[in-house]
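To keep things clear, I will list the structure first and then write my remarks on it.
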Amino acid sequence: MSKIVLCLILTFVLLFGCSSSPDTICPLYVSSYPFRDASCDQIKTELVNIQRRTIEISEIQNSEATKDALVTGFSLAFFWPGLIFLVGEDRELEFASLRGTYITLEDVALEKNCEYANEIIESRKKLEELKKERDRKQRARMQGEFKIP
């Protein structure tokens, strides 16, 4: 009976206790309504501020995700009570909110045809290309791992 309880606790911690890596966090929906009266300069200023804060939070979140992975690996291998140390500074919600707000502000800037709209379009194209390349490499790696000799 105690083994079953221990397995359930370990499963719960592994599924819900670890911080997510920033690149796996989906943006939250943010309405464009609050930004409809903002000027292009105000939008650009806010984009810069959000970008700065997103970088800060991304570094914290990445550090937490790495630390959680190390603690989980060590705890499962050597000392399972160490799993209680997985409670850290998870900034997943703030990161998702910042990303959602950033995307919304970009959308508003595009709708208003701000002078930097072309920069937004180009950066989105580059980001899409990077995602496709990452997915292609990941698929190739997975196919290589599952090849039958």
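The values are calculated or read from the model by the stated rules, or taken from the named source; none is laboratory data. Owing to the predicted nature of the structure, the values given are computational and were not obtained by experimental measurement. Cβ atoms come from the backbone with ideal geometry, glycine included; neighbour counts cover every protein chain shown.
For the reader, a short list of remarks on this structure follows.
- Checked against the criteria, Leu93 counts as within 24 Å of Leu28 (Cβ to Cβ), outside any loop (DSSP other than H, G, I, E, B), hydrophobic (A, V, I, L, M, F, W, C) and modelled with pLDDT under 95.
- Considering only residues in segment 21-37 that are under 16 Å from Cys114 (Cβ atoms) and out of contact with any Ser or Thr (no Cβ under 9 Å at 6 or more places or on another chain), the one that is surrounded by the most Cβ atoms within 10 Å (Cβ to Cβ) turns out to be Arg36.
- Members of segment 30-43 found to be more than 18 Å from Ser97 (Cα to Cα) and assigned to a helix (DSSP H, G or I), listed by number: Cys40, Asp41, Gln42
- Looking only at residues in segment 104-122 that are crowded, with 18+ Cβ neighbours inside 10 Å and not small (Gly, Ala, Ser), the one that is farthest from the chain's Cα centre (by Cα) is Cys114.
- Within segment 25-47, being of a type in the set (Val, Ile, Thr), under 19 Å from Glu94 (Cα atoms) and touching a Phe, Trp or Tyr at 6+ places or on another chain (Cβ under 7 Å) holds for one residue alone: Ile25.
- Of all the numbered requirements in (1) modelled with pLDDT of 80 or more; (2) surrounded by 13 or more Cβ atoms within 10 Å (Cβ to Cβ), Asp41 misses one, and that requirement is (2).
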